[in-house]
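This report concerns only the one structure given below.
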Amino acid sequence: MAHDWAGKTLGIDFGTSNSAAGVAVAGKPYLIPIEQGAPTLPTSVFFGVGASQMSMGSAANRALIAGEEGRYMRALKSVLGTSLMGEMRMFLGEKMNFYDIIGAFLSQVKSRAEAQCHQTFDYALSGRPVRFHSADADRNARAEADLVECYMRAGFKDLRFLVEPEAAALASGVPRGPGLSLIVDIGGGTSDFCVFRMSDGIEVLANSGIRMGGTNFDKRLSLDHVMPLLGKGALIRNEMGKGAMATPNSLFQKLATWEQIPFLYAGDVKRDVAKMMRLAVEPKPMERLFEVLDMELGHEVAFAVEAGKIRSNEEDAQINLSIVEKGLGAPLTQTGMQTSLAKEVADIKQGALDTLTMAGCMPEDIVRVVFVGGSSLLRPVQNALAEACPKAELDYRDAFTAVVDGLALGSADPMRFGRQPAA
Ligand SMILES: Nc1ncnc2c1ncn2[C@@H]1O[C@H](COP(=O)(O)OP(=O)(O)OP(=O)(O)O)[C@@H](O)[C@H]1O
Ligand SMILES: [Mg+2]
């Protein structure tokens, strides 16, 4: 190991939904409590009006839920590699873009870890999905370069990357043996796979992934079950002449997409919706939409969808929309959830099968499937993967900490486990 990285490298899992940091202590992962008493923190930020500092994690979520005035953002990782990265906005009286915002988030992770450990961390071993963007190699490379830039702004001198499913494999505790194991890491933004065998060290046969995770599930469920209550598909009378047209789909796509919600609160969107409300054949749904934009309730709606998704994994549930209108809810049965997510789940299954092909093995060769990532708790996902690997034993590891555990272990020797950023 290069000498000056020794003992100064922080393992960081910068996740779409949750982030965490850790180091190796006596050969075991030690997760640093970045938030009081918790090994992970929500990847969210809040810029309060009149505040001097950005708040992050649970504090940011609390500020949103308390209805404090300000700008909330979540799913920041999904913006990497997109043209939104460089868009400047005013926050805390300063012009900032997403490099600044993600940099500030990572900088706070760094300084809190340093305060907890009474030392400095100049270097990072960062997780990254195998593919930030499924089909577009250039975008994928741009996303990695964007993330490097964010780490530099956070004050790290240098970093190495370890792909997230391989990190989970490192920490999986799979015993030595000739059999092949498959890591299935379904997070908030991506699904990542790693086929490996444990011998003297970990022998990786293939890593692969697709841009599909829990935030995509939220989006699909929102579009199918909630957005119709807010005017998706509603008819708007033509201002001049006869006839009517459906509301523009792009508006609902954005409102159902975590990272795009803040961009809807601009005056011109509200003006357009106010006009549609006046001309709507049935005004009620458009009134609700106007309320959501005017009161900036888009994230609250997204949280309600996410909570409904998690509940409907166990029983027929409701998406509670009383924040929009007293008593308003959207039923979400277990079957309804499965039907809505059929394509997403099929894509994940195909992603796993493609990884087996890359590894040069057959589904029957997999002796163990290790599930990690919050969205691997979803039963339709588990069932699809069990079908894909019919001979495998199913192993459920710490859904929210397996990746950071591996990064913490790898941080003891980032030159061996990590790889240099591409550019
Ligand atoms: N019990 C549950 N059932 C289904 N989904 C869940 C459950 N608990 C959490 N989730 C979902 O898991 C996702 C977060 O998982 P996780 O923290 O592993 O993602 P992440 O590491 O932040 O994302 P990524 O690795 O894709 O960048 C969210 O979409 C959340 O809604
Ligand atoms: Mg993850």
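Using only Cα atoms, what Kirkwood radius does segment 224-281 have, in angstroms? This gives a value of 12.1 Å. Simple rule: put +1 on each Lys or Arg Cβ and -1 on each Asp or Glu Cβ in segment 77-161, find the dipole, and look at 96, 151, 126; the Cα lying farthest toward the positive end is 126.
One equal scatterer on each Cα of segment 83-132, no solvent, Debye formula: the resulting log10 I(q)/I(0) at q = 0.17, 0.20, 0.27, 0.29 Å⁻¹ is -0.71, -0.85, -1.00, -1.05.
Among rounded, prolate and oblate, which fits segment 1-138 when a ≥ b ≥ c are the square roots of the eigenvalues of its C-alpha gyration tensor, a/c under 1.5 means rounded, and a/b larger than b/c means prolate? Note, shape of segment 1-138 comes out oblate. If the chain between residue 334 and residue 364 were fully stretched, how many nm would it gain, using 0.36 nm times the residue separation less the Cα-Cα distance? Separation in residues times 0.36 nm, less the Cα-Cα distance, equals 7.8 nm.
Based on alpha carbons, the Rg and Dmax found for segment 228-340 are 14.9, 50 Å. If the chain linking residue 391 and residue 4 were pulled fully straight, counting 0.36 nm for each residue of separation and taking away their Cα-Cα distance, it would gain 134.7 nm.
Considering all C-alpha pairs of segment 269-423, those separated by over 22 Å amount to 63%. Applying D = kT/(6 pi eta Rh) to segment 323-382, where Rh is the Kirkwood radius over alpha-carbon pairs, T corresponds to 10 °C and eta to 1.306 mPa s, the Stokes-Einstein value obtained is 112 µm²/s. Note that segment 110-123 has calculated 3J(HN,Hα) couplings of 4, 5, 5, 5, 5, 5, 5, 9, 6, 7, 9, 10, 7, 10 Hz, one per residue in order, obtained from phi through the Karplus relation 6.51 cos²θ - 1.76 cosθ + 1.60 (θ = phi - 60°); glycine and proline are x. Rounded to the nearest 20, the Cβ-based charge dipole of the chain about its Cα centre (Lys and Arg +1, Asp and Glu -1) stands at 560 debye.
Given R0 = 25 Å, the distance between the Cβ atoms of residue 115 and residue 25 translates into a calculated FRET efficiency of 0.90.
Here, segment 258-306 is characterised by an Rg to Rh ratio of 0.99, where Rg is the alpha-carbon radius of gyration and Rh the Kirkwood radius. Of the GluC sites (Glu not before Pro) found in segment 74-165, the ones in coil according to DSSP and having at most 14 other Cβ atoms within 10 Å of their Cβ are 87. Model label points for residue 238 and residue 137, set 7 angstrom from Cα along the Cα-to-Cβ axis, are 4.8 nm apart. Think of segment 228-340 as having a plus end and a minus end, set by charges on the Cβ of Lys, Arg, Asp and Glu; of 264, 327, 299, 264 sits farthest toward the positive end of this dipole. Computed from phi, the 3J(HN,Hα) profile of segment 186-191 under the Karplus parametrisation 6.51, -1.76, 1.60 (θ = phi - 60°) reads 9, x, x, x, 9, 10 Hz, with x in place of Gly and Pro. Sites listed here are trypsin sites (Lys or Arg not before Pro) in segment 136-223 whose DSSP assignment is loop and whose Cβ has at most 14 other Cβ atoms within 10 Å: 157, 176. Of the three principal axes defined by the Cα atoms of segment 122-177, the extents in descending order read 41, 33, 10 Å. Once divided by 2.2 N^0.38 Å, the Cα radius of gyration of the chain becomes 1.02. With θ taken as phi - 60° and the Karplus curve 6.51 cos²θ - 1.76 cosθ + 1.60 applied, the whole-hertz 3J(HN,Hα) list for segment 284-301 is 3, x, 5, 5, 5, 4, 4, 4, 4, 6, 5, 8, 6, 9, x, 5, 4, 5 Hz, x standing for glycine and proline. Here the dipole of segment 228-340 is about 480 debye; that uses its Cα centre as origin and unit charges on the Cβ of Lys and Arg (positive) and Asp and Glu (negative). Placing a label point 7 Å from the Cα of residue 307 along the Cα-to-Cβ line, the residues of segment 324-361 whose backbone N sits under 14 Å from it are 324-330.
Across segment 363-407, counting alpha-carbon atoms alone, Rg and Dmax equal 11.0, 30 Å.
Its residue count N sets the reference 2.2 N^0.38 Å, and the alpha-carbon radius of gyration of segment 149-259 equals 1.72 times that reference.
Put simply, the amide H of residue 319, placed in the peptide plane, has neighbours under 5 Å in 330, 332, leaving out anything fewer than 5 places away on its chain. Full extension of the chain between residue 423 and residue 53 yields a length gain of 130.0 nm, computed as 0.36 nm times the residue separation minus the alpha carbon distance.
Only the coordinates and a few stated rules stand behind these numbers; no lab work does. Given the structure is predicted, the values throughout are model-derived calculations rather than measurements. Every residue, glycine among them, receives a Cβ derived from its backbone with ideal geometry; neighbour counts consider all protein chains shown.
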